Structure formats: C-alpha cells, structure tokens
Amino acid sequence: MLAGGVGAARFLRGLCSLLDPKRLTLVVNTGDDETFFGLHVSPDLDTVTYTLANRVNTVRGWGVAGDTYRCLNALRRFYSHTWFQLGDADLATHIYRTDALRAGLPLSRITADIARRHGLGVRILPMSDDPVRTMIHIAGGGRPVPFQEYLVKRRGRGRVRAVTYQGLESARPVAGLLTAVREADAIIIPPSNPIVSIEPILGLRGVRGALRRSRARIAAVSPLVRGMPIKGPLDRLLAGLGHDVSAVGVAQLYRDFVDVFVLDERDADLAARVAALGMRPLVANTIMKTLAQSRALAAAVLEGLRR
Ligand code: FO1
C-alpha cells in the first residue's frame, strides 16, 4: 500500500483487521517531514504507526491520545515558531528518531524499529532514506513554503500556483520498494491526498514505471466526496493546479496504472466518467468514522481487487 497520513491510517486499521499484517508492506510519504527545534518530525509515518498501535488521538487523527503540551509551552520562552502542536509523548518519538539519524542510521531502519517498539508486525517503509520536501508556491506569496507551514501555520490560505518536491529528483526509492511493487499480489492507494501524499512516492525514480508494469491489480480510493476532502486542503490544491476538483480529477492522476477506482456512494453518478478513463469504478461508503466503516471499506476494496 502507498500511504499518506490520516486517511491512509484509518483505511489501514480496517485492512489490518482483515489480513495478516505480516503480508502488508506500507510505503509512506515523507515529503511532509519537517524539522522543529532540531528534531526530525515525520507526520505521516507517525500517524500510521500511532493509529495501528491504537495510540492515536482519534479526534484529530494525528498525535498521541491524551497527550500533554508542557514541553511545547516551555519552548515558547525560547522560540517564536511554536505553531506545530507537538505533544510530550509525541516528542519522545521525534527525539528517538533524531538521535538515531544523527548516529548515522537510515530513516528506514529507525522506522522499522519504532514500529517494532509499538508492537506492530506490519512492514512500514518510508518512501526514501533521502530527504524530500514538498513545497507550496502561493500566488503573490514570494518564496515557496514547506507543506506544514502552508497547512498548519498559514491554515491553507492563499491560491496555490504550483507544488514542487525539493530533493525528489536525486532521492532514491527506499530499499525494497521497487521489489515490493514488482512482487505484490495487489496494491492499494487509500484515500490519501494525491498531490502531497502520493505524488512524492510516484515521483521517485522508477516507481511509476514499476506500477505500470506490475502484475498486481491496483486499486485507488477517492479522497474526495462530492468534490470535498474529508480532511485537508486537497480541493484547493487541485483547483490551483488546474485539475478537476472531483473524484474524476483524482482518477485522472492515476489513470496510467490503476485498475479499480473506488468512488464514494454519493459520487455514484461519476462512475461512467471513471470507466471512460479505462478504470473499473467501484462504489462504496468511503467515510471512515468507525473501525467497522474502515473494515467495510477495506473489505469492499479487497473484493473489488479479486473480481
Ligand atoms: N496538523 C495540524 O493541523 N496542526 C498541528 O499542529 C499538527 C501537529 C502535528 C504534530 C505531529 C504530527 O505527526 C502531525 C501533526 N499534524 C498537525 C498533522 C500533519 O500536519 C498532517 O496530518 C500531515 O502532514 C498531512 O499528511
């Protein structure tokens, strides 16, 4: 599975309740990674890990449940940029990751270690051990800003003119990624943001070609329902980049390698347009507020991949 943050994590909870997690490989976006107070924060890796370990703050979809903010409050004495909510327990993960990176370990090894220390059997791969940073170019906004600054500090304001991925051209796909794509029976793109969560993975050297050639059936789930994202700024990103702000617009971005495209029930009228792109449309409830809903969606996707 190729994964972003909250949408991917919710889908995964359902999937892991249906399959042996040892059969799964997750390739997670790191284009959203950011450094705060000298600490390396990997929001999508942590969201997936905390969710699968039942540690996540389920209201927000990210961070640790019941976390406190004493350290962040104390940091306000020294720093002005305390807009990113890093909880005390969450900070332990960032301290551990940063310490290990400074000791020379690759992010992939540290990620596997963090997953193991959370008792997870699933294989979690950061998309690359090399740094990639998603940058948002805002109309009339001067310099491009890193994704977290655009999303959290600026609350997604401003018309997006372009999105670029710093470091992507020279970044190598993490060891095992291309083999996993080649050898998979099935590949799933959950309801993640195609521009900032999936595109950085697809843009790594060789990944898109490997997906096109893969013998695996590939399914993608729309992260939009009636043109609205469940979470985040996807509608503004698609509009700014000139794409159709609908599930069809998302399907267009994946048309060269996806076999089955999952639309929400409320978008059933778009099925014919998805079929016209050469993908098999599958209609399901894509809203995942409960574990039962995550499980039902994952079951529908698995069934769609078998057909
Ligand atoms: N999202 C916010 O909207 N505000 C925050 O202050 C914030 C803090 C944060 C801390 C740790 C973490 O792992 C995630 C956090 N997120 C926050 C979520 C994150 O910005 C997004 O979910 C992803 O980057 C989008 O894929």
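If I take R0 = 22 Å and measure r between the Cβ atoms of residue 287 and residue 235 in this structure, what FRET efficiency does the formula 1/(1 + (r/R0)^6) give, to the nearest 0.05? The formula returns an efficiency of 0.85 here.
Electrostatic tally near residue 174: other residues with Cβ closer than 12 Å to its Cβ, Lys and Arg +1, Asp and Glu -1, net +2.
Taking every alpha-carbon pair under 8 Å whose residues sit at least 6 apart, the chain reaches a relative contact order of 19 percent.
Hydrodynamic radius of region 194-248 by the Kirkwood approach over all distinct alpha-carbon pairs: 12.6 Å.
Here, the chain yields an orientationally averaged convex hull projection of 15.1 nm² when only Cα atoms define the hull. Over all orientations, region 11-84 has a Cα convex hull whose mean projected area works out to 6.0 square nanometres. Across region 173-215 the C-alpha pair distances fall into 10 Å bins from zero in the proportions 28, 59, 14 percent. What region 208-307 shows is 45 Å² of accessible area per residue, with the surface traced by a 1.4 Å probe over protein heavy atoms.
Calculated mean residue ellipticity, 222 nm, the chain: -10000 deg cm²/dmol, from DSSP H runs (n ≥ 4) at -39500 (n - 2.57) each, averaged per residue and rounded to 500.
The charge dipole of region 182-307, taken about the Cα centre with unit charges on the Cβ atoms of Lys, Arg (+1) and Asp, Glu (-1), comes to about 320 debye, rounded to the nearest 20.
Once the chain from residue 215 to residue 96 is taken as fully extended at 0.36 nm per residue, the excess over their C-alpha distance is 39.0 nm. Note on region 101-180: along the principal axes its Cα atoms extend 45, 27, 27 Å, ordered by decreasing extent.
The gain in end-to-end length when the residue 65 to residue 89 segment is fully stretched comes to 7.7 nm, 0.36 nm per residue minus the alpha carbon separation.
Dividing the Cα radius of gyration of region 170-307 by its Kirkwood radius returns 0.95 for Rg/Rh. Extent of region 42-89 along its three principal axes (Cα atoms, max minus min coordinate, largest first): 35, 19, 15 Å.
Rounded to whole Å, the principal axis extents of the Cα atoms in region 230-307 read 35, 28, 22, largest first. Please compute the net charge surrounding residue 241, taking Lys and Arg as +1 and Asp and Glu as -1 over other residues with Cβ under 12 Å from its Cβ. Taking every Cβ under 12 Å from that of residue 241, the sum is 0. Under a Gaussian network description of the chain, with springs only between Cα atoms under 10 Å, the residue in 28, 250, 207 that fluctuates furthest is 207.
Around the Cα centre of region 1-143, unit charges on the Cβ atoms of Lys, Arg, Asp and Glu (plus for the first two, minus for the last two) sum to a dipole of about 200 debye.
Taking amide H as placed 1.01 Å from N in the peptide plane, residue 165 has its amide H under 5 Å from the amide H of 135, each at least 5 places away in sequence or on another chain. Net length available on complete extension from residue 169 to residue 54 is 37.9 nm, with 0.36 nm assigned per residue and the Cα-Cα distance removed.
Peptide packing: for 2-10, 158-166, the average count of neighbouring Cβ atoms within 10 Å per residue gives the ranking 2-10, 158-166, highest mean first. Binning all Cα-Cα separations of region 1-149 at 10 Å, short to long from zero, yields these whole-percent fractions: 11, 39, 36, 12, 2.
Using the Cβ-Cβ distance between residue 79 and residue 155 with R0 = 22 Å, the FRET efficiency computed as 1/(1 + (r/R0)^6) comes to roughly 0.65.
So for region 138-250, Kirkwood radius off the Cα pairs, Stokes-Einstein at 20 °C and 1.002 mPa s: how many µm² s⁻¹? Rounded, D is 138 µm²/s. For a modelled paramagnetic label at residue 299, 7 Å from Cα along Cα-to-Cβ, the residues of region 1-35 in reach, with backbone nitrogen under 14 Å, are 14-19. Rounded to the nearest 20 debye, the dipole magnitude of the chain is 100 debye, with +1 charges on Lys and Arg beta carbons, -1 on Asp and Glu beta carbons, and the Cα centre as origin.
Here the contact order of region 81-136, divided by its residue count and restricted to Cα pairs under 8 Å and six or more residues apart, works out to 26 percent. Once you have the Kirkwood Rh of region 56-125 from its Cα pairs, apply Stokes-Einstein at 10 °C and 1.306 mPa s and quote D in µm²/s. Rounded to a whole number, D works out at 116 µm²/s. Less than 5 angstrom separates the built amide H of residue 225 from those of 230, all sequence-distant by 5 or more or on a different chain.
The values are calculated or read from the model by the stated rules, or taken from the named source; none is laboratory data. On a predicted model such as this, the values are computed, not experimentally measured, just so you know. Ideal geometry is used to build each Cβ from the backbone, glycine not excepted, and the neighbour counts take in all protein chains shown. Each accessible area value is taken on the protein alone, full model and side chains, heavy atoms only, with ligands, DNA and RNA left out. Shrake-Rupley method; radii C 1.70, N 1.55, O 1.52, S 1.80 Å.
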